[in-house]
Amino acid sequence: MTRPSLHIEMFFDQDSATFSYVVADLESKQAAIIDPVLNYDAAAGLVSTEDADKLLSYLQVNGWQLQWILETHAHADHLSAAHYLKQKTGASIAIGEGIRKVQQTFKVVFNIADTELQAKGDYFDKLFADNEQFTIGSLQATVVNTPGHTNDSVSYLIAGHLFVGDSLFMPDAGTARCDFPGGDAHILFRSIQRIYQLPEDTVIYMCHDYQPNGRELKYKTTVLEQKNSNIHVKADTAEADFVAKREARDKTLAVPRLIYPSVQVNIRGGQLPKAEDNGQRYIKIPLKGYS
Ligand SMILES: N[C@@H](CCC(=O)N[C@@H](CS)C(=O)NCC(=O)O)C(=O)O
Ligand SMILES: [Fe+2]
């Protein structure tokens, strides 16, 4: 299954507990980056590119050219460096076509003008359909729609390696939350069934690891390990049992620290909101409660 010309390198952003990956075809020297992080200090409003620059240096040292910037979904917990990387390399930004729905939802939440966001997949170069095939150099890749955590969640299957975004966590952490707008535990269960139909030696790469019980950081597992020991969905778990467990846990989770900045930037493919007439860009927070 694994092609000898495939190289996968993991990068970790400690602040958001996010894994990003460089996937390269050693033959053609073409590469993809999956889920790059743009660093953001919310209190200072300071956006910086340390993590993305590490990815760029890694590509440069190896003499690889960036062809794709692949998002598994519009993340709600960290900003995406997709736009920055595109500016630096000319690579295309791709995401699942469900991003249109996510853009529509948050265009309303943030009251974004039509002139800035049409919610038709704008800001992305490529919207993938389910089962769509594409190439990274000479590597074959397939898009597997895996909604549930969000409307637009996809997994990327590249030569027997599956990048699942937040559809699954490591077996001892289970699955991601389904309580964001557009999230649905029933739909996530069905997406996971689809993943469980892949060959059992398929390697699964996480987008996050929150190190339950303080264990060491882990970023990959297999379909077989998930089916045998995922704490939320094993091979024989019933949909209703999963949904009950998932929804109960979701009620206990706090809103992610960076949800507002992340969503505003990530529905724009990692571009910051347009500058106002004073030349300054702002992040909006819709206020609730007392008014
Ligand atoms: N504490 C983190 C939580 C981030 C979060 O909610 N992550 C999502 C994925 S985007 C999730 O599914 N978390 C599950 C969990 O924390 O158990 C933060 O504030 O950023
Ligand atoms: Fe997520």
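Rule-based calculations on the coordinates, nothing more; no lab input. Quick caveat: nothing in here was measured; it's all calculated off a predicted structure. Counting neighbours? That spans all protein chains shown, and the Cβs are built from the backbone with ideal geometry, glycine included.
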### Task
Arrange the following residues from fewest to most other Cβ atoms within 10 Å of their Cβ: Val61, Val144, Val265, Val108.
Val61, Val108, Val144, Val265
### Task
With +1 on each Lys and Arg Cβ and -1 on each Asp and Glu Cβ, and nothing else charged, work out how big the dipole of region 6-266 is about its Cα centre, in Debye to the nearest 20.
220
### Query
Separation of region 237-291 and region 1-63 by C-alpha centroid, Å?
23
#### Entry: At least 24 Å along the helix axis (C-alpha) and Kyte average at least 1.0, DSSP helices within the chain
none
## Note on the structure
Any lysines whose Cα falls less than 18 Å from that of Lys284, other than same-chain ones fewer than 8 residues away, would be Lys107, Lys274
### Message
Is there a quick way to get the dipole size of region 69-148? I mean about its Cα centre, with the Cβ of Lys and Arg at +1 and of Asp and Glu at -1; what is the value in debye to the nearest 20?
### Response
100
### Message
Of all beta bridges DSSP finds with both residues in the chain, what is the antiparallel percent, to the nearest 5?
### Response
70
### Summary
Per the C-alpha gyration tensor (a ≥ b ≥ c, the square roots of its eigenvalues), the chain is rounded if a/c is under 1.5, else prolate if a/b beats b/c, else oblate; here it's oblate
